[in-house]
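> Quick one: the structure is below, questions incoming.
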Amino acid sequence: MTQASDDRSGESRGGLNRPPLPIPRALRDAAIAAAIAFGLFAVMVGLRTEVSPTGALVLRQRWAEVAMLCGIVFAGRLALTLWLGRRALRPTTAPGPWAVRLQQAGRFFAPALLAAALVLPIVSGGDRYLLDLGILVLTYVMLGWGLNIVVGLAGLLDLGYVAFYGIGAYSYALLSTHFGLSFWIGLPLAGIMAAFWGVLLGFPVLRLRGDYLAIVTLAFGEIIRVVLNNWVSLTGGPNGVSGIPRPSFFGLPFSMSGEPDTFAGFFGLEPSPSHRVIFLYYLILGLALLTNWVTIRLRRQPLGRAWEALREDEIACRALGINVTVTKLSAFALGAMFGGFAGAFFATRQAFVSPESFTFIESAIILAIVVLGGLGSQVGVAVAALVMIGGFELFRDLGEYRMLVFGGVMVVIMILRPRGLVGTRTPSVALGEKRAIGGDLVGEGRG
Amino acid sequence: MKPPAARAHRDMILEVANLTMRFGGLTAVDRVSFTALRGEITALIGPNGAGKTTLFNCITGFYRPSEGAIRLHRPGALPVDLHRLAGYRIARSGVARTFQNIRLFPGMTALENLLVAQHNTLMAASGWAVGAVLGLSRYPAAERAAIEVARRWLLATHLLDRADDPAGALPYGAQRRLEIARAMCSSPGGPALLCLDEPAAGLNPRESEELARLLLEIRADGTSILLIEHDMGVVMKISDRVVVLDHGRRIADAAPAAVRSDPKVIAAYLGEEGEEE
Amino acid sequence: MAYALQQLINGISLGMIYGLIAVGYTMVYGIIGMINFAHGDVFMIGAFIALITALLLSAGGMLDGPAAILLMLLISMAFTAFYGWTMERVAYRPLRGSFRLAPLITAIGLSIVLQNYVQVSQGARVKPMEALLPGGIEVMRDGGFVVQLSFTQMLIIGVTLAVLAVFTLLVTRTPLGRAMRACEQDRKMAALLGIDTDRTISLTFVIGAALAAVAGTMYLLRYGVIDFYIGFLAGVKAFTAAVLGGIGSLPGAVLGGLLIGLIETFWSAYFSVQYKDVAAFSILVLTLIFLPTGLLGRQEVEKV
């Protein structure tokens, strides 16, 4: 709607199809960008506050760094303009070349991804680092899929999803350390507990619209975290709960002793610490696939369709006799339950939980995974989790710049593909052939 | 106050008695009473701002009336006080509606739109989702039946070849028809009362013609219709009875021919007539 | 009684800071309907620039008197406003008219970027600053308890009121304010009537950032310690304040800020410091349950 005035000076519309701009104008653009960069960096980078040995603050000047940053911006902008034209960095919902290929290969892509996930422990030869990374990615895949039910399907903006993850983790941690419940009993209880809290929160607040719901869920997340942090007698406060029992293989503990009543002994294997890691890997893979399976099945059924209809038009739903509150609540509770499962897994894997694992930034990352993946798309969410979490780990060498890059990548992906990696929706049922529906038509909910 | 009508109860489908709706200081609907008869098409007309859509929203539960009563009389059942029910319960008791500015689920296909309309039936068949997820229920059969119902209405609205297209991508006239089809799917065996808010708005003459035929078919099927419409051609051709509102009050309630020659109605429309159609 | 009065003074000065940040949230929300999650970090940037200015002044031996504080304010406002402008230009404008969740995610991304940018460029350690305006006046004495209104608090209250007065004039009396309100009502229509909506939105971000810079400077003067992380909690609180007051409503933002400041202060004083955030958030949740659009928010009429 603001397209007409989008390009201030009105020059050079049309982006990619146009020949690249003449060099003088590109230089001018780059110079403007560098000037802006100077304005931004001059104070914050050029003058660094440092605590001197006497305890007072002093300033250290770093003009070389500022010059370098401005130079990078200048060169970057120049290269970009010359290479792609002025309007290259514009959002698009049209599937990019690789997205088209992905869709063509879609039928094979998801199974290929699944197969890769299944064989990873075997292929990796028990490489501890790779498996731990796999477990981490799968945990976020599961959380993304869980939140996808709430945000992607039902269109309810939940900024406090991590609360349910935390409730699940603490439920299992406390049940197992206080009452000695095993993982396989603690897991469903943790899910039920999270779902219960989901209903408790959801019931009064689900009639709120849009951003009001967002802030209430955010507030709920913060409340849970603060309570976990301060209710020392129950949760141990900032020290958390430690000594959470590790999961057993249906009653057979993983132990190095090789006794007959341990996993290795029972199956006649050489005791190895990697057994537990591999087991944890398959455990989270199974939990994630359970989430996926339930979601996919529900999408083809009245409840899932009602969620999507709710996202499209709540008023029309009411006129069709759909109980909007119950439908929203079911999405909220189900999403919370899977969050709780993931939390219980997290607790048993770490053997330790503390409030700092459940901060707002976790909610934000999970939400970003859902939106970057493409609201409602199961494959998209999995790919986004892989890219974001896996990529984050790959850039370990960046050190303190890692989070900076992470945030920057989030911004850039969103600007280039506001509808996420997979922006289309697949119908749940068809008389003939199922054809993908363009993201422009699909709603994203107001609630 | 005065009884709404002297007509026999058993013929009624909808009874509106002394309905008043106020927004702050503004009285949008002022002590309106009328009845709609079973198996008839009742048209609700009036100049812009007469309170027609407000009345509709009261009947279908989007507004809670300030005063008065709205009763649904279904054959063989006790009367239902619609003004006391939550919106979604009104739909469940057999009142379906369409909207003046079409409200489809644009990102879902035409077929999906019609399946969402059958939500309550399907939900019960799926064992409130739990059964169907586990694959333990009679859900597949119920879904096949629901698709059959949907197919029937897609056929009746000439949309069968667009069944797998997203509703938002359909042409305007097709969207209007799909919305009616969706309303018709919303109760098992069709709703008792279908409320249409300006279904002919934006249609060309040929489409209006088709719409009129569709509404007559729906009536023949046993669904009573309450209709807000500006297209007098359609109203006069298909209505059995016409209720005229002006400034929130009922000024006439008669057969189409009588309404047409009613001086009060003509007076209400005068001034608008010149610029309209 | 005296104790309560002291808490009232503390609560109001804290609430003023929240209110200033909340105005930025509510303005942006009103005009483009998005939650600018990075706004709390803009506040943090404002505090840092004020600190750096103060250090520059002190190196020149001029860190003294009202002129120094005024200079800190103005420089912080100018540079922070530039940050606000750039943010809008780079991260939000390309997404104008796009899906609702996309700008929310870029805002969260920007928030992460800004926090880590400051952490990298200025270091993760907390930055202490000596008090510029020590002392205060004694309001009343009750037994051994002295109720004090510090000069810094007076400054905060005075500056905030002055800034809000100017800002109110700006919104109600100038062509820019009219354009802003028009864009808020109906952006398409405003554009058709010849209002440069992009420019108006840019200026909204600039003004919001400048107000956040005022808040940042005041925060620095009052608490004397800042780090790269102060933006998050202050941002969440201010956003809570904006929603509590009714998002989109400017008086609501100030009212909400004051309420949140008072609730927090009194809760800490009489119950427990640890649970002050829980108190603020719980009151928000309760308010929204009974008043779904906040205290002064426009009641949404459901258009059917």
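The values are calculated or read from the model by the stated rules, or taken from the named source; none is laboratory data. Just so it is clear, the model here is predicted, and its values are computed rather than measured. Using ideal geometry, Cβ is built from the backbone for each residue, glycine included, and neighbour counts are taken over all protein chains shown.
> Could we say that C:Asp227 is within 11 Å of chain A (Cβ to nearest Cβ) and touching a strand residue (DSSP E or B) at 6+ places or on another chain (Cβ under 8 Å) here?
Here the answer is yes, as C:Asp227 does meet what is asked.
> Do you know which residues across the range A:199-239 are more than 24 Å from the chain's Cα centre (by Cα), more than 8 Å from chain C (Cβ to nearest Cβ) and not in a helix (DSSP H, G or I)?
Scanning the range A:199-239 gives A:Trp231, A:Gly236.
> Name every residue in the range B:171-196 that is in contact with a Ser or Thr (Cβ under 9 Å, 6 or more places away or on another chain) and closer than 12 Å to B:Arg92 by Cα, in order of residue number.
Matches in the range B:171-196: B:Ala183, B:Ser187, B:Pro188, B:Gly190, B:Pro191, B:Ala192, B:Leu193.
> Is at least one residue of the range A:420-434 closer than 24 Å to B:Gly107 by Cβ, in the same structural domain as A:Val141 (by TED's automatic domain parsing), among the β-branched types (Val, Ile, Thr) and touching a residue at least 60 places away in the same chain (Cβ under 8 Å)?
Scanning the range A:420-434 turns up no residue that is closer than 24 Å to B:Gly107 by Cβ, in the same structural domain as A:Val141 (by TED's automatic domain parsing), among the β-branched types (Val, Ile, Thr) and touching a residue at least 60 places away in the same chain (Cβ under 8 Å).
Residue-by-condition table, conditions (1) crowded, with 16+ Cβ neighbours inside 10 Å; (2) under 12 Å from the mean Cα position of the chain (by Cα); (3) not in a helix (DSSP H, G or I):
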{"position": "A:Leu367", "(1), (2), (3)": "yes, yes, no"}
{"position": "A:Val370", "(1), (2), (3)": "yes, yes, no"}
{"position": "A:Tyr401", "(1), (2), (3)": "no, no, no"}
{"position": "A:Ile415", "(1), (2), (3)": "yes, no, no"}
{"position": "A:Gly432", "(1), (2), (3)": "no, no, yes"}
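> Further question on the same structure: Answer yes or no as to whether C:Ser150 is of a type in the set (S, T, N, Q), surrounded by 13 or more Cβ atoms within 10 Å (Cβ to Cβ) and touching a strand residue (DSSP E or B) at 6+ places or on another chain (Cβ under 8 Å).
Yes, satisfied.
> Looking at the range C:100-112 only, could you name the residues that are touching an Asp or Glu at 6+ places or on another chain (Cβ under 7 Å), in contact (Cβ under 8 Å) with a residue 40 or more places away in the chain and facing chain A (nearest Cβ under 7 Å)?
Scanning the range C:100-112 gives a single hit, C:Arg100.
> Go through A:Phe395, A:Phe345 for me and flag whichever is assigned by TED's automatic domain parsing to the domain that holds A:Leu131, assigned to a helix (DSSP H, G or I) and modelled with pLDDT under 90.
A:Phe395
> I've got another one for you. Please enumerate the residues belonging to the range A:425-447 that are more than 7 Å from chain B (Cβ to nearest Cβ) and under 16 Å from C:Arg100 (Cα atoms).
Within the range A:425-447, A:Gly439, A:Asp440, A:Glu444, A:Gly445, A:Arg446, A:Gly447 qualify.
> If you take the residues in the range B:77-101 that are surrounded by 23 or more Cβ atoms within 10 Å (Cβ to Cβ) and of a type in the set (A, V, I, L, M), which one is nearest to the other protein chains (Cβ to nearest Cβ)?
B:Ala91
> So which helices (runs of 4 or more DSSP H) are wholly in the range B:38-132 and hold at least 2 residues that are over 18 Å from the mean Cα position of the chain (by Cα)?
B:110-117, B:119-125
> If you don't mind, another one. Among the numbered criteria (1) away from every other protein chain (no Cβ under 14 Å); (2) crowded, with 22+ Cβ neighbours inside 10 Å; (3) closer than 30 Å to C:Leu244 by Cα, which one does A:Phe196 miss?
All conditions pass for A:Phe196, except number (2).
> Take C:Phe43 and tell me if it is closer than 19 Å to C:Phe239 by Cα, among the aromatic types (Phe, Trp, Tyr) and more than 9 Å from chain A (Cβ to nearest Cβ).
Judged against the criteria, C:Phe43 is a match.
> Would you check which residues across the range A:301-344 are surrounded by fewer than 24 Cβ atoms within 10 Å (Cβ to Cβ), of a type in the set (Val, Ile, Thr) and either in contact (Cβ under 8 Å) with a residue 24 or more places away in the chain or within 8 Å of another protein chain (Cβ to nearest Cβ) (or both) and list them?
A:Ile315, A:Val324, A:Thr325, A:Thr327
> Whether any residue in the range B:8-16 is outside any helix (DSSP H, G or I) and out of contact with any Leu (no Cβ under 9 Å at 6 or more places or on another chain) is what I want to check.
Taking every residue of the range B:8-16 in turn, at least one turns out to be outside any helix (DSSP H, G or I) and out of contact with any Leu (no Cβ under 9 Å at 6 or more places or on another chain).
> Determine which member of the set B:Arg219, B:Arg151, B:Arg182 is more than 9 Å from chain A (Cβ to nearest Cβ), part of a helix (DSSP H, G or I) and of a type in the set (Lys, Arg).
Among B:Arg219, B:Arg151, B:Arg182, only B:Arg219 is more than 9 Å from chain A (Cβ to nearest Cβ), part of a helix (DSSP H, G or I) and of a type in the set (Lys, Arg).
> Can you find a residue in the range A:382-392 that is within 13 Å of the chain's Cα centre (by Cα), within 9 Å of chain C (Cβ to nearest Cβ) and either in contact (Cβ under 8 Å) with a residue 40 or more places away in the chain or surrounded by 20 or more Cβ atoms within 10 Å (Cβ to Cβ) (or both)?
So far as the range A:382-392 goes, no, none of its residues is within 13 Å of the chain's Cα centre (by Cα), within 9 Å of chain C (Cβ to nearest Cβ) and either in contact (Cβ under 8 Å) with a residue 40 or more places away in the chain or surrounded by 20 or more Cβ atoms within 10 Å (Cβ to Cβ) (or both).
> Can you tell which of A:Phe267, A:Phe249, A:Phe263 is more than 25 Å from the chain's Cα centre (by Cα), buried (at least 21 other Cβ atoms within 10 Å of the Cβ) and either within 9 Å of chain C (Cβ to nearest Cβ) or at pLDDT 75 or above (or both)?
A:Phe263
> Looking at C:Ala81, C:Ala131, which one is outside any helix (DSSP H, G or I) and either modelled with pLDDT of 90 or more or closer than 25 Å to C:Tyr229 by Cα (or both)?
C:Ala131
> Can you pull out every residue in the range A:20-74 that is of a type in the set (Val, Ile, Thr) and surrounded by fewer than 16 Cβ atoms within 10 Å (Cβ to Cβ)?
A:Ile23, A:Ile32, A:Val51, A:Thr54, A:Val58, A:Ile72
One line per residue, one yes/no per condition, for (1) assigned to a helix (DSSP H, G or I); (2) more than 10 Å from chain C (Cβ to nearest Cβ); (3) among the aliphatic types (A, V, I, L, M):
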site: A:Pro24; (1), (2), (3): yes, yes, no
site: A:Leu27; (1), (2), (3): yes, yes, yes
site: A:Ile32; (1), (2), (3): yes, yes, yes
site: A:Ala37; (1), (2), (3): yes, no, yes
site: A:Leu40; (1), (2), (3): yes, no, yes
site: A:Val43; (1), (2), (3): yes, no, yes
site: A:Arg48; (1), (2), (3): no, no, no
site: A:Pro53; (1), (2), (3): no, yes, no
site: A:Val58; (1), (2), (3): no, no, yes
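> Next question, about the same structure. Could you pull out the residue among A:Ser255, A:Ser272 that is more than 24 Å from A:Phe332 (Cβ to Cβ) and either in a helix (DSSP H, G or I) or touching a residue at least 24 places away in the same chain (Cβ under 8 Å) (or both)?
Going through A:Ser255, A:Ser272 in turn, the sole match is A:Ser272.
> Any idea which residue in the range C:29-43 is surrounded by the most Cβ atoms within 10 Å (Cβ to Cβ), counting only those that are assigned to a helix (DSSP H, G or I) and small (Gly, Ala, Ser)?
Top of the filtered list is C:Gly40.
> To continue, here is another question. Take the residues in the range C:237-262 that are of a type in the set (A, V, I, L, M) and within 13 Å of chain A (Cβ to nearest Cβ), then tell me which one is surrounded by the most Cβ atoms within 10 Å (Cβ to Cβ).
C:Ala242
Here's the yes/no breakdown for (1) farther than 21 Å from A:Val45 by Cβ; (2) within 14 Å of chain A (Cβ to nearest Cβ); (3) among the charged types (D, E, K, R):
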| position | (1), (2), (3) |
| --- | --- |
| C:Val90 | no, yes, no |
| C:Ser98 | yes, yes, no |
| C:Leu114 | no, yes, no |
| C:Glu138 | yes, no, yes |
| C:Ala162 | yes, no, no |
| C:Arg178 | yes, no, yes |
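> Something else now. If a residue has to be crowded, with 24+ Cβ neighbours inside 10 Å, among the hydroxyl-bearing types (Ser, Thr, Tyr) and in a helix (DSSP H, G or I) to count, how many in the range A:141-188 make the cut?
5
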